[in-house]
Structure formats: structure tokens, C-alpha cells
Amino acid sequence: MTQDLQLDFTDPAFQNNPHPVYAQMRRTGPVRRVKLPSGLNAWLITRYDDARRALSDPRLSKSMLAVGSAGAGQSNLTTPISRHMLAVDPPDHTRLRRLVSAAFTARRIEGMRPRIEEITTGLLDALDGERSADLIDAFAFPLPIQVICELLGVPAEDQNAFREWSNVIVSGALAGDRLAPAITAMIEYISTLLAERREHGGDDLLTGLIQVREEGDRLSAEELSSMVFLLLIAGHETTVNLIGNGVWLLLRDRDRWERLRADRTLLPAAIEEFLRFEGPVETSTFRVATEPVEIGGVTIAAGDPVVVVLLSANRDGDRFPDADELRLDRPNNAHLAFGHGIHYCLGAPLARLEAQVAFTALLDRFPDLRLATDPDELPWRPGTLLRGLHHLPVLL
Ligand code: HEM
């Protein structure tokens, strides 16, 4: 029943629009073992109910040691950045997450609104007088990067180098020879940054984390650098796609743009719908079964890696009426774009706020915004981890 599916993750047609393939998987083999571009065999989970259950099943472990035994382990190279909260189970997960969760509460994040607005205004001011732009390069990328760097306390002048490494690292095996040097450069950078901050201190999250480590010894050196790594990567690679994919969806059918311009009360629901319909993160990170686990009628053996296809779960017609239709005012939008369970995205309030500020500013400043090219010809980033455009050429 499942043999008919031609699954080639590197096929440009799949990169451009993976939804038809995932729809077929949901129909013909919703829990299915495939070979990923990294060469690893993993179970892909594509239906909403199965996905939600898998994401909160404690028998599916995040621990790198468990993943290692399944052949996907980290090399020695990545050890200093692999002990972060998204790579461990409780009780380590609980401890690591608690250390930073106070900085990411909805209230604390809301306090950053004026500063996020300032950064947004600065980026859009730079486009004054221009007739066209690449909205990814000029806006969607630098906005979240500047925000997370400021929150952590990473100097603005380092942000470009960081963006380059982070891009290579999230493409993983697809980056080929460039991967190892990027990881090494990133590790060196983080350790220099921590050393500098240890000496001079500051009023930022980085300094706060260093103090926690020095006072209570509840954070090992590796846990500290891994935490910084995770926060920077998560802040660099995700929200850009929420802004980019959202603008792409609005402009490919400009009635949506006009509707949102006319009724801003729709914006929060519209952002949730962008997250559901074309979410920034295509697949979850790996989990590994610590014992046989039955999902959707299939038994996953102990030691097998599992990946949840968030993009697919969010298009499941059994959960979302007219799932392949973008509805700016969709009610009950319990999408899985930020994951589910104990690893639910820590940065969700920040990402939502950034998106609100970004879309508001774009709608205000560029009422005539339109795409400069055919929406179906735009280049999507390769790989199955993230779903986002390389470039978004627009007329201002
Ligand atoms: C975890 C999505 C922005 C920090 C996750 C997960 C998803 C996700 C799906 C869970 C992965 C899994 O279970 O395998 C997103 C999306 C974002 C976004 C769609 C933007 C629209 C951010 C931002 C930060 C952040 C801005 C901030 C610094 C984290 C952290 C985790 C996480 C720390 C790990 C949480 C844990 O393991 O307990 N994110 N993220 N994310 N995200 Fe985000």
C-alpha cells in the first residue's frame, strides 16, 4: 500500500511544495520508515493525532545518548553544544528550561515590544526611497537576529558571521564540507563571548546564565555553551520564516493583504494561520524510542529514531476543516507549529510578538507592497528541518 510513494527529499518539486507528498503519506502510510537526506532511517509521523501523541510521549526520548545508540549520535565535534534542553529528557530538561524560562514569559517578552518596534522601524527606514527589495535579506532575517542578539547580549558587529555559521549548521548533512568548520567556528565564538562576558558582565541573559553557573554550579560548562547555542540558532532560523512565509501567503493573493490592512483585529488569528498553513519548522527534531511504542497501529522498535512532520500534521483534514485552505480568521487553531509537550517552543511568545510588530509595520508603511516575481517560482531552502524562502523579492 505504501510502495507507490516516490520520496525524494532533494527533488526540487518537493522542496518547492512538499504538501502533496505529505498528504499522500497521511493517506497511505501515516507512520512510515524512510531514509532521510542525512542517510538516517527514521519513522516519519504525518497525522495530527499521532503527532501530538508522539510529541508528548515520554518513551520517545530526546537524550543524545539514546540517539547515539541509534546511529545518529553527535560526533565529539559537537559535544560542547549538544547539552541543551532540546537534547535531554527530565530531570535535566526541567532544570535547564527553568533557568531561562523567566526571561521568556509572555509578560517579560511584552516588555520588549518598544525595542522590537524600534529595531523594526530602523530596518524599514533603510528601505525609504527604494522601489524594490529582498524582504528576507532586508527585513525578515535581521529583525529576529537583532532581537535575540540583544536579549542575550551578542554584539551587533558579530551578527553577520553568526548568521553564516548558523545557516550552514541547520542545513546539517546537506552542507557537506562546510559543516565541520562552521561548528568549530561557532563553538570558538561562543567560548570567546562567554569569556569576555565573564570578565566584563552586563545586563543581559548571557551574564545571568554565567552567574547561575558560578553561584550554584547547576549548569555545567557544556550546558552553558549549549544553551547559548540553542537560543541563538532558534532565534536565527525560525521567525524569519514566519515573517517570510506570511508575507508570501498574503501577497500571492492580495485580497488577503487588503483584508488585513482593513481589519487589524484579524492579525493575531492570521499569524496563527500562517504558523499552521506554512509553518517555519517543517519537522520536529529527533526522538528515539526507549522501548517498543505503538503509534497509529505501527510498532516502533526500541532504538528507532522518530521524526514528527509538523507541516503535515497541521494540514491534516481530520483535525482542521478545509485544511488546505488559508483562512485568516480560522477558529480553534490548535496547530503544532511550536511543537507540543515538554519541549513546546520556549520562544513562542517572542516569535508571536516579533511577527505582530513586523506585519503591523509592513502593512502601515508599504500599503502597495507586492511580489516582484511569480510566487511559485521563488526558491525555498533545502532540507526538511525548516520551511522558508531564500529570497522574497518585492516591490515597495
Ligand atoms: C523548541 C518552533 C522561535 C527557542 C521548538 C520546537 C519547535 C519550535 C517546533 C520543538 C521542537 C521539538 O520538539 O523537536 C519554533 C517556531 C518559531 C520559534 C515555529 C518561530 C516562529 C523560537 C525563538 C526562540 C526559540 C525566537 C528563542 C530564543 C526554542 C527553544 C526550544 C524550542 C529554547 C526548546 C524547548 C525545550 O526543549 O524545552 N521551537 N520556534 N524558538 N524553541 Fe522555538
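Can you list the HN-Hα couplings for region 262-278, worked out from phi with the Karplus curve (6.51, -1.76, 1.60; θ = phi - 60°), rounded to whole Hz and with x for Gly and Pro?
Once θ is set to phi - 60°, the couplings for region 262-278 become 6, 9, 6, 5, 6, 4, x, 5, 5, 5, 4, 6, 4, 4, 6, 6, 9 Hz.
Using the Cα centre of region 12-395 as origin and beta-carbon charges of +1 (Lys, Arg) and -1 (Asp, Glu), tell me which of His200, His343, Ile136 is placed farthest towards the positive end of the dipole.
Going by the charge dipole, the pick is His343.
Need one number: nm distance between label points at Asp368 and Asp57, each 7 Å from Cα along Cα→Cβ, rounded to one decimal.
5.5 nm
Could you rank the peptides 170-180, 302-312 by their average count of other C-beta atoms within 10 Å per residue, with the highest value first?
Values: 170-180: 14.8, 302-312: 22.0.
Sorting 170-180, 302-312 by mean packing, highest first, produces 302-312, 170-180.
Which one, Pro30, Pro114, Pro18, has the greatest fluctuation when you compute a Gaussian network model over the chain with C-alpha springs under 10 angstrom?
Pro114
Quick one: among Glu214, Glu377, Glu278, which has the greatest mean-square fluctuation in a GNM of the chain with alpha-carbon springs under 10 angstrom?
Maximum among the listed residues: Glu377.
Amide H neighbours of Leu396 under 5 Å, counting only residues 5+ apart in sequence or on other chains, H built in-plane at 1.01 Å?
Placed amide hydrogens put Ser132, Ala133 under 5 Å from Leu396.
Take Trp43, Trp380 and order them by how many other Cβ atoms sit within 10 Å, fewest up front.
Trp380, Trp43
Rank the residues Glu282, Glu222 as a footprinting-exposure proxy: fewest other Cβ atoms within 10 Å of their Cβ go first. Write down the numbers at each step before the final one.
Values: Glu282 21, Glu222 14.
Placing the least packed residue first, the sequence is Glu222, Glu282.
Could you tell me the calculated FRET efficiency between Glu118 and Ala195, based on Cβ-Cβ distance and R0 = 30 angstrom, to the nearest 0.05?
Numbers: r = 30 Å, r/R0 = 1.00.
E between Glu118 and Ala195, to the nearest 0.05, is 0.50.
Please state the charge dipole magnitude for the chain, taken about the Cα centre, from unit charges on C-beta atoms (+1 on K and R, -1 on D and E), reported in debye and rounded to the nearest 20. List each step's numbers first, then the result.
Working: 42 positive and 55 negative charges, 211 e Å.
Its charge dipole is roughly 1020 debye.
Using only the alpha-carbon atoms of the chain, report the extent along each of the three principal axes, biggest first, to the nearest angstrom.
62, 56, 40
For the chain, build the charge dipole from Cβ charges (+1 Lys, Arg; -1 Asp, Glu) around the Cα centre, then report which of Leu209, Leu378, Ala126 sits farthest towards its positive end.
Leu209
Please give the contour-minus-distance gain from Ala180 to Thr28: 0.36 nm per residue of separation, less the Cα-Cα distance, rounded to one decimal in nm. Mind showing how you got there, number by number?
Working: separation 152, 0.36 × 152 = 54.72 nm, distance 3.80 nm.
Length difference between fully extended and current span is 50.9 nm.
At 0.36 nm per residue, minus the direct Cα-Cα distance, what do Arg254 and Glu157 gain on full extension? Give it in nm, one decimal, please.
Working: separation 97, 0.36 × 97 = 34.92 nm, distance 3.70 nm.
Separation in residues times 0.36 nm, less the Cα-Cα distance, equals 31.2 nm.
Taking neighbour counts of Cβ atoms within 10 Å as a proxy for exposure, in what order, fewest first, do Cys345, Cys149 appear? Spell out each step's value before the answer.
Working: Cys345 17, Cys149 20.
So the ranking, lowest neighbour count to highest, is Cys345, Cys149.
How large is ³J(HN,Hα), in whole Hz, for each residue of region 381-396 in order, when computed from phi with the Karplus curve 6.51 cos²θ - 1.76 cosθ + 1.60 and θ = phi - 60°, using x for Gly and Pro?
For region 381-396, the Karplus curve yields 5, x, x, 10, 7, 10, 10, x, 7, 5, 9, 9, x, 10, 9, 8 Hz.
Please report the antiparallel percentage of DSSP beta bridges with both residues in the chain, rounded to the nearest 5. Present the calculation step by step, with values, prior to reporting the outcome.
Working: 20 of 23 bridges.
Taking every DSSP beta bridge with both residues in the chain, the antiparallel ones total about 85 percent.
Under a plain spin-label model, where a point goes 7 Å from the Cα along Cα-to-Cβ, how far apart in nm are His391 and Thr360?
Taking the two extended label points, one gets 3.2 nm.
We did not get these values from a lab; they are worked out from the coordinates using the rules stated. Because the structure is predicted, anything quoted here is derived from the model rather than measured. Counting neighbours? That spans all protein chains shown, and the Cβs are built from the backbone with ideal geometry, glycine included.
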